[in-house]
1. Just to be sure I understand, how many residues within the range 232-259 are touching a strand residue (DSSP E or B) at 6+ places or on another chain (Cβ under 9 Å), surrounded by 18 or more Cβ atoms within 10 Å (Cβ to Cβ) and part of a loop (DSSP other than H, G, I, E, B)?
2. If you go through the range 53-61 one residue at a time, do you hit one that is surrounded by 14 or more Cβ atoms within 10 Å (Cβ to Cβ), at pLDDT 60 or above, assigned to a loop (DSSP other than H, G, I, E, B) and touching a strand residue (DSSP E or B) at 6+ places or on another chain (Cβ under 6 Å)?
3. Take residues that are farther than 30 Å from residue 255 by Cβ, modelled with pLDDT of 90 or more and assigned by TED's automatic domain parsing to the domain that holds residue 28 and tell me which of the helices (runs of 4 or more DSSP H) falling wholly in the range 76-180 contain 1 or more.
4. Here's a check for you: in the range 31-52, which residue that is more than 15 Å from the chain's Cα centre (by Cα) and loosely packed, with under 15 Cβ neighbours inside 10 Å is farthest from residue 90 (Cα to Cα)?
């Protein structure tokens, strides 16, 4: 078994260690990258929930080739692209991606502005079979039945009134910075999550296996954020560090053991 250290791997002449031809080396490196991506995707699928799709889409393989023919040089890279994916991987806190702990979202949303309207988007689907009850993917914990039907029936500039569903946070909540122990107050929400919900565009019909004919529609609710108003305290996103868990050298050893 050949053991590689991370510091040596960059400039390691693998061809001089394993006696294989350059084309074989190219194939082996490419297979190593594929194995690493498969492991990364598997780890993400087992450890993440609602964000797994966006995270997995950010995993990219790079196999640059320099030259041509049998003398071409090949290297491999595997990376994570996308802001959301890297928030999940590296964490998100007061100093942005790569930091941890609670933070006031106004710092990143407003920047040099005093006020902004922040859109929250929802997608609703109403099944035509078994009655007209709507199941909204994002709204599922919030609205079903008659409340959802009211949303699907919005026309023109009509918006849902407040009070149809409960607030997501009825009372203040205190969270603490894991590094400093500093307390941050998440204030009670002023209104419920679908108050002011506005239907965007018209319904679109389709057929879904097992659910029959369905209609879907996109919705938006706006919330104001201002330096003069209450802070928006985000608890922060803990880093998953899935890339650090990859068995990089096992992947290389397995690939080269085939020759």
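The values are calculated or read from the model by the stated rules, or taken from the named source; none is laboratory data. Remember, predicted model here, so these are calculated numbers, not experimental data. Heads up, the Cβs are rebuilt from the backbone with ideal geometry, glycines too, and the neighbour counts pull from every protein chain shown.
1. Of the residues in the range 232-259, 4 are touching a strand residue (DSSP E or B) at 6+ places or on another chain (Cβ under 9 Å), surrounded by 18 or more Cβ atoms within 10 Å (Cβ to Cβ) and part of a loop (DSSP other than H, G, I, E, B).
2. So far as the range 53-61 goes, yes, one or more of its residues are surrounded by 14 or more Cβ atoms within 10 Å (Cβ to Cβ), at pLDDT 60 or above, assigned to a loop (DSSP other than H, G, I, E, B) and touching a strand residue (DSSP E or B) at 6+ places or on another chain (Cβ under 6 Å).
3. Per the criteria, 83-90.
4. 38
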